[in-house]
Amino acid sequence: MSKQVASATLDSVKKNVKDIQLYIDGNFVNAANQEVFSNHNPFTNDKINDVASGDKDDIEQAVSAARKAFKGEWGQLKLKDRLAYINKIADLIDEHIDEIAPLESYDTGLPISQTKKMVARAAHNFRFYAEMVNSRLVGEVYQVDDEFLNYTIHKPVGIAGLITPWNAPFMLETWKIAPALATGNTVVLKPAEWSPLTANRLAEIIDKAGLPNGVFNVVHGYGETAGASLVAHPDVELISFTGETTTGSEIMKNGADSLKQFSMELGGKSPIIVFDDADFERALDAATWGIFSFNGERCTANSRIYLHESIAESFTERLKERVQNIAVGDPMDEKTQVGPLIHTNHYENVKGYLELAKEEGCEVFSGNIPEEVSRGNFIAPTILLGAQNYMRIVQEEIFGPIIAVMTFKDEEEVIDLANDVRYGLAGYVWTNDIKRGHRVAQAIDSGMLWVNSQNVRDLRTPFGGSKHSGIGREGGHYAFEFYTEIQIIHVALGDHHIPQFGK
Ligand code: NAD
């Protein structure tokens, strides 16, 4: 039955997918040079459609439209009216969850049960930031006796350049667009070239919501052309980037001449530590979900597991059972838990890590890929046994459904092991000893740390990484520091002393 539903869903998605244009100044247009690139479905590797391939000229047009809108109607809007637009976008996304989620699964291979949640969260991102701006975008007042009243205000920065990855495209795009627009900026989005479908759908939705022309623009295209032009553009005040660490560093170099602000959400290699007193079953559920959800293409995935030596054997056995039972298959099928990886290039890269794991001395234990889906970019859920911290498969982000398994003797040792990577995005600690839970949590070098939990987000809290996993924080009011300029205004209340040079 679920297979029939999946095939009906696919038919309906295919019927509605057309070639994609850029969205600039309220119009859907071809790239100035008329170039296109092909977009493929990861489940079959068949071509989905052609996508306009934007470049420098298109970025120029989009930035010019965004500048005009910022100086014009959008910049003059009352807060209430601006936030009404933001809420309207949320409503429209909510109305179309059942249509956007299959589109996202079709484009990325992410299982539909997961994309439905991501799309719902995308709507929530807008509603959340409308509420946050209304209630928390506030200044401070510093009174200096009867002499001065000094107060801060937040102003939108101007044109926000947003550059996003393919691993959870719709959700991650909206996570940036919502605070950028709600705080009053205008936006040029450069979505990932491997997942353009829902970015285009978002442009249609924002168009339908009736935002003034030029407030929101989408320029599809390659990172090295469209992305790099956006980064180098002198009128773009800030770049919010999510993607690989090496790309982030390249972007910072390219944006240096125009002195931009950067928010960098980068790669991860997050540890999960399971002590012998942990709730075994819950830790097993969390560890399994944390690495195999989103097909393992999750920045906060727990891709390294450290098991206390007294439970290592039993935990590993249970992990093996889970891996063999995970439902691998058609992303359109509600029952699927792991789908195909986004692209053949990424698939080859991840497969290379399985070879490397063997060369480095690991035992590679994989689940099953059903015969009928062999055309897709499938990597079976895999655990790497006998891994050691010095190995590349432990140090490097693989970004697939693969977890390296290691053991430890005591707290001190595991803290050292957990911190011995260049990344510092997330971490997970499982123990029922409350003191140890806090102690280890605080000792791990990561922007975010969960104790006795999988990654459960609270949107009010800061999101971001330390070390090579990022710079800055998004989420909650933390996003305001990036998307707004804080101005301090000093007002003299009386006749304070002024030096009288030359009098
Ligand atoms: P990527 O760095 O290859 O690409 C991300 C975006 O940058 C794409 O839109 C791409 O076109 C663009 N780009 C590439 N080169 C560019 C350049 N020179 N100038 C401007 N733009 C350029 O990343 P990806 O492969 O799409 O995504 C996977 C990576 O993203 C993983 O490393 C993952 O950990 C990371 N990620 C991090 C977070 C986080 O919040 N920390 C969240 C999701 C994904």
> Looking at Gly109, Gly54, Gly72, which one is over 30 Å from Ile379 (Cα atoms) and either crowded, with 22+ Cβ neighbours inside 10 Å or among the polar types (S, T, N, Q) (or both)?
Replying inline: Gly54
> For the stretch 300-318, what are the residues that are in a loop (DSSP other than H, G, I, E, B) and surrounded by fewer than 21 Cβ atoms within 10 Å (Cβ to Cβ)?
Replying inline: Glu309, Ser310, Ile311
>> Of everything in the stretch 195-219, what is within 15 Å of the ligand (Cβ to nearest atom) and in a helix (DSSP H, G or I)? Give them in sequence order.
In response: Leu197, Thr198, Ala199, Asn200, Leu202
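Yes or no, residue by residue, for (1) of a type in the set (D, E, K, R); (2) surrounded by 24 or more Cβ atoms within 10 Å (Cβ to Cβ); (3) not in a helix (DSSP H, G or I):
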residue	(1), (2), (3)
Leu149	no, no, yes
Lys155	yes, no, yes
Ala180	no, yes, no
Gly184	no, no, yes
Val188	no, yes, yes
Glu193	yes, no, yes
> Right, Gly476: away from the ligand (no atom under 14 Å from the Cβ), touching a helix residue (DSSP H, G or I) at 6+ places or on another chain (Cβ under 9 Å) and either in the same structural domain as Thr152 (by the TED database) or part of a loop (DSSP other than H, G, I, E, B) (or both) or not?
Replying inline: yes
>> Looking at Ile342, Ile434 in this structure, which one is among the hydrophobic types (A, V, I, L, M, F, W, C) and buried (at least 19 other Cβ atoms within 10 Å of the Cβ)?
In response: Ile342
> Taking strands (runs of 3 or more DSSP E) that do not extend beyond the stretch 220-283, which have at least 1 residues that are within 8 Å of the ligand (Cβ to nearest atom) and either modelled with pLDDT of 95 or more or surrounded by fewer than 18 Cβ atoms within 10 Å (Cβ to Cβ) (or both)?
Replying inline: 238-242, 261-265
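Give me the residue from the stretch 356-393 that is under 17 Å from Asn45 (Cβ atoms) and small (Gly, Ala, Ser) and, out of that set, nearest to the chain's Cα centre (by Cα).
Here the residue is Gly376.
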> Counting residues that are over 27 Å from the mean Cα position of the chain (by Cα), which helices (runs of 4 or more DSSP H) fully inside the stretch 1-118 reach at least 2?
Replying inline: 2-16, 56-71, 73-76, 79-95
> Is there a residue being at pLDDT 95 or above and within 15 Å of the ligand (Cβ to nearest atom) anywhere in the stretch 487-499?
Replying inline: no
> Among the residues of the stretch 198-210, is there at least one that is out of contact with any strand residue (DSSP E or B) (no Cβ under 8 Å at 6 or more places or on another chain), more than 24 Å from Gly268 (Cβ to Cβ) and polar (S, T, N, Q)?
Replying inline: no
>> Yes or no: the stretch 285-299 includes at least one residue that is in a strand (DSSP E or B), touching a strand residue (DSSP E or B) at 6+ places or on another chain (Cβ under 6 Å), in contact (Cβ under 8 Å) with a residue 24 or more places away in the chain and more than 15 Å from the ligand (Cβ to nearest atom).
In response: no
> How many residues, within the stretch 479-494, are of a type in the set (A, V, I, L, M, F, W, C) and within 29 Å of Glu131 (Cα to Cα)?
Replying inline: 6
> Could you list, in sequence order, the residues of the stretch 319-336 that are under 30 Å from Ser38 (Cα atoms) and surrounded by fewer than 22 Cβ atoms within 10 Å (Cβ to Cβ)?
Replying inline: Ala327, Glu334, Lys335
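The values are calculated or read from the model by the stated rules, or taken from the named source; none is laboratory data. Keep in mind the model is a prediction, meaning the values are calculated, not measured. Glycine also receives a Cβ, built like all others from the backbone with ideal geometry; neighbour counts cover every protein chain displayed.
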